[in-house]
Amino acid sequence: MSEFMEWEATIPMTAVPKARPRVTKHGTYMPKRYRDNKEALGWMIRRAKPPSFDGPVEIQLTFSAEAIHIRLAPSERSRPKGVRGDLDNLIGTITDVLQDMGVIANDRSVHQLEGSFNE
């Protein structure tokens, strides 16, 4: 785990949603707008000088029209045996199914979301 207790930064840019890969007869690629935004966000985070976290980490993200606020802290949680996949991908599956089943009208209507692994 990191020797740092936590790290926070406010990145002054608008967030862009993760794009889906585009598949063509010439191969698969991510859209240019997404690639450009990801690169710019990476440079802005690098300028904020985050520490490296070696073990489990808790992430809090707050989005506004002007900025993205990021908070990172070491986590005491561990991944349960037998659970596969990244947490964000597991959550995405659930929100997609909730939308597909008509439980929520659109996953864009989710305004707060929490997910964690519990042993």
* Asked: Within the bounds of region 88-99, is there any residue that is surrounded by fewer than 11 Cβ atoms within 10 Å (Cβ to Cβ) and part of a loop (DSSP other than H, G, I, E, B)?
  -> no
Exactly one of N106, N118 is farther than 21 Å from W7 by Cβ and either modelled with pLDDT under 90 or small (G, A, S) (or both), and that residue is N118
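Only one of these is touching a helix residue (DSSP H, G or I) at 6+ places or on another chain (Cβ under 7 Å) and not assigned by TED's automatic domain parsing to the domain that holds P17: N106, N118. Name it. Spell out the reasoning first.
Numbers: N118 fails: touching a helix residue (DSSP H, G or I) at 6+ places or on another chain (Cβ under 7 Å).
Checking each option against the conditions leaves just N106.
Out of all the residues in region 62-87, which are closer than 13 Å to P12 by Cα and not in a loop (DSSP other than H, G, I, E, B)? Don't jump to the end; show me each part of the working.
Quick first cut of region 62-87, residues closer than 13 Å to P12 by Cα only: 62-70.
Residues satisfying the conditions are T62, F63, I68, H69, I70.
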The residue that is nearest to V110 (Cα to Cα), considering only those in region 5-53 that are hydrophobic (A, V, I, L, M, F, W, C) and in a helix (DSSP H, G or I), is L41
The one condition V97 fails out of (1) within 12 Å of the chain's Cα centre (by Cα); (2) farther than 16 Å from K18 by Cα is (1)
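Is it the case, given these coordinates, that Q60 is touching an Asp or Glu at 6+ places or on another chain (Cβ under 6 Å), of a type in the set (S, T, N, Q) and closer than 20 Å to K18 by Cβ? Working first, answer last.
Values: touching an Asp or Glu at 6+ places or on another chain (Cβ under 6 Å): no; of a type in the set (S, T, N, Q): yes; closer than 20 Å to K18 by Cβ: yes.
So Q60 fails the test.
Test I91 against the criterion of being closer than 25 Å to N106 by Cβ and not assigned by TED's automatic domain parsing to the domain that holds H111, and give yes or no.
On the way: closer than 25 Å to N106 by Cβ: yes; not assigned by TED's automatic domain parsing to the domain that holds H111: no.
So I91 fails the test.
The values are calculated or read from the model by the stated rules, or taken from the named source; none is laboratory data. Note that the structure is predicted; figures quoted are calculated from it, not measured. Ideal geometry is used to build each Cβ from the backbone, glycine not excepted, and the neighbour counts take in all protein chains shown.
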